[in-house]
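**Q** Just dropping this structure here.
Only the coordinates and a few stated rules stand behind these numbers; no lab work does. Values in this document were obtained by computation on a predicted structure and should not be read as measured data. Cβ placement follows ideal geometry from the backbone for every residue including glycine, while neighbour counts extend to all protein chains displayed.
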Amino acid sequence: MPHSSKAHWQSLFRGEPVPDIPPPRSVGELVSRRRAPAPSALSEDAAARVQLHENIELGGPDGGLGAEIYQPRRPGPHPVLMYVHGGGWYAGSPAMDRRYCASIAAEGVLVVSVGYALAPEHPFPRALEDCVYATRWAVKNASSYDGDPARMAIAGSSAGANLAAGTALVLHGSGPGNGVHGNFRTDVRGGDLAGMPVALSGLVLLFGLLDAHRWISDPRYYAGESEITLAAYLGPNFSGRLRDPLVSPVHSPELHVLPATYISCGDEDALLGHSLAMTERLADADVPVTLSVVPNADHEFLKIPERVEGARAENERIVRWLRERLGVNDGANDGVSDGGRAIGGAP
C-alpha cells in the first residue's frame, strides 16, 4: 500500500527526514524545485572495477547531448546497457545514478547513462529523441570502450523507464521513421544517425511511470503533481496526448516488438499499478516478461540497498537476468550472489 506522500521514499533515498511538500501550483514552481546534488563518488570497490568516463559528447539531433560511460576494468568486449535516469522528465541527470550504474558495470556490462534534455525547456518528444539517438550512438561507438553493440539492452527508472520503453518501441517498431504508433504520429528525429538499426536483447523497467492516463486518474501520493508534471512534459494541452503510445507505452499496439522485459517495483510504490498493467499487456503480446514486486519497498528503493531490506537481493536478480540475456557467461563469480557487495550503489 502506498504511503500518504512522497516524503517516505524521499527521506529514505536522501538518508535524512524530508518534509511533506505541497504539490506545485504551476510548471514554473515545479521547475524551481529541481535539485542537483553533487555527483556521488564511486566506492573504492567500484572505482577499482569500473572506469568512469564523464561528460562524453554524443551530439544529438539538436546538439549538446551528453552521457556518462561506465567501462568494466576487465578484458572485453562487454555487452552494453543503455541506462535512462528518472526525474519526472523535468529533473535529474546521469550523475545522480552514478553509483547504481557503476554497480552494474562492475558485473561486466558497459553502461551508457544518457543525459537527455529536460522539460519544460525541451518538451516531448525531445527527451525521447535524445534517448533514441544515444542508443544508436552506442551501437556506432561502443567498441571504442570495449563494448559489443550486438549484445545490448536498455533500462530506465521511473520516468526513465517510460523513455526506455518508448525508445525500444521506436527502434523496433514499424511506420515511417519509426514514429507512427496507433492513431498518433510523433516525428522522432534521428539526426545524423537516423535509420541506424538497433537490436535490443532486453528491456528493464524499474518502478516505471508507464501510463500517463493512469497517473492522472489514480495518482496516489502524486495527487496534484501529476497534472503539472505532464503539462511541463507535454505542454498545457496535454490531455490529448495521455494515451499516445510514446507517452504511455502500456497503450502501444506494437508491444509485440519489444524484447524480453524485466519489471521491478516495490509494493508500497504509487506506480505499482503501472508495472502490473504493463506486465499483463506484455504477456498478452507474447513478450517474455518477468515481474518482481518487492515487499515493503517504495519508489527508488533499488538505489539504497543499505536502507531497504530486499533491495540488494532484487538488484542481484536484475543483474543475473541481464547477464543471462546479454551472454555474460565468463564463468567468474563476480559477487552477484555472494552477499559481500552492495549492488545498487550503496556507499
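**Q** Using a cut-off of under 12 Å, list every residue of region 270-293 whose amide N is near the label point 7 Å from the Cα of Glu324 along the Cα-to-beta-carbon line.
**A** From region 270-293, the list is 289-291.
**Q** Per-residue counts of other Cβ atoms within 10 Å, averaged by peptide: what ranking do you get for 34-44, 53-63, highest first?
**A** 53-63, 34-44
**Q** Additional query: Mind listing the Cα extents of region 12-51 along all three principal axes, in Å, largest one first?
**A** For region 12-51, the Cα spread along each principal axis is 46, 22, 11 Å.
**Q** Can you tell me what share of the DSSP beta bridges in the chain is antiparallel? A percent to the nearest 5 is fine.
**A** Roughly 35 percent of the beta bridges in the chain run antiparallel, per DSSP.
**Q** How high is the relative contact order of the chain, in percent, with contacts defined as C-alpha pairs under 8 Å that are six or more residues apart?
**A** The normalised contact order for the chain reaches 19 percent.
**Q** Please compute the length gained on full extension between Arg307 and Ala194, using 0.36 nm multiplied by the number of residues separating them and subtracting their Cα-Cα distance.
**A** 36.4 nm
**Q** Let me ask something else about it. Using the Kyte-Doolittle scale, find the helices of the chain whose mean hydropathy is at least 1.6 and whose Cα atoms extend 27 Å or more along the helix's long axis, counting only whole DSSP H runs.
**A** none
**Q** About the Cα centre of the chain, what is the dipole size in debye to 20, counting +1 per Lys and Arg Cβ and -1 per Asp and Glu Cβ, all else neutral?
**A** The dipole of the chain has a size of about 280 debye.
**Q** From the convex hull of the Cα coordinates of region 189-234, what is the mean projected area in square nanometres?
**A** 5.1 nm²
**Q** Is the C-alpha gyration tensor of the chain telling us rounded, prolate or oblate? Criteria: a/c under 1.5 is rounded; beyond that, a/b larger than b/c is prolate, otherwise oblate.
**A** Verdict is rounded for the chain.
**Q** In whole Å, what is the distance between the alpha-carbon centres of region 1-45 and region 232-280?
**A** Spelled out, the Cα-based centre of one part sits 22 Å from the other.
**Q** Calculate the length of the line joining the C-alpha centroid of region 89-103 to that of region 211-227, in whole Å.
**A** 24 Å
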